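Read through the structure below, which is laid out as structure tokens, and then see the notes.
The values are calculated or read from the model by the stated rules, or taken from the named source; none is laboratory data. Computed from a predicted structure; not experimentally measured. All Cβ positions, glycine included, derive from the backbone under ideal geometry; neighbour counts span all protein chains shown. For accessibility, only protein heavy atoms count, side chains too; no ligands or nucleic acids. Shrake-Rupley method; radii C 1.70, N 1.55, O 1.52, S 1.80 Å.
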Amino acid sequence: LLLQKLHIMKNKNNRMERLQASMDNYKRASVFLKANKLVIVNTTLITFVQRILLFFVTYVVYRSFGLSGLSAVTVTLLQAAISVSVDMLPLPGGMGISERLFLQIFSPIFGSTALTLSGMLMSRGISYYMLIIISGIVTCITHLTVTSKEE
């Protein structure tokens, strides 16, 4: 109401109704999550495993180039540090920053600039296309199982 009096927001009749509906949805979700705490635990664990596997792709690429000086944990944690530091920046175009950090951090590890660039392109490509392929497979399986149950 204050924002309407200051002419910052226009007076719309259904604004309160939409706000109330939104609050009702929030309340239903909160009641569901309170009653199903295992959903939160499972979602958190699945998300954690997914992120670690995505970070692990860089180690797989590292090893595929015949390099072996660092452990899987070290390379995975370095990739995680890059990802987390970029994710925390509220900037558009975070991919450029991520790639710059990758080049700076992994250049001494991969040895040469050409190998580091190749490693970055491979790890980013695998991470991106692997997600698309897995999502496509899950979508197809879901479509087939839901369609067969409806018939």
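Below are the figures for this structure:
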read-out	value
Per-region count, the range 88-114, residues open to solvent by 60 Å² or more (accessible area, probe 1.4 Å), of a type outside the set (A, V, I, L, M, F, W, C) and closer than 20 Å to residue 130 by Cα	1
Condition broken by residue 70, with the remaining ones in (1) over 19 Å from the mean Cα position of the chain (by Cα); (2) closer than 18 Å to residue 116 by Cβ; (3) open to solvent by 70 Å² or more (accessible area, probe 1.4 Å) satisfied	(3)
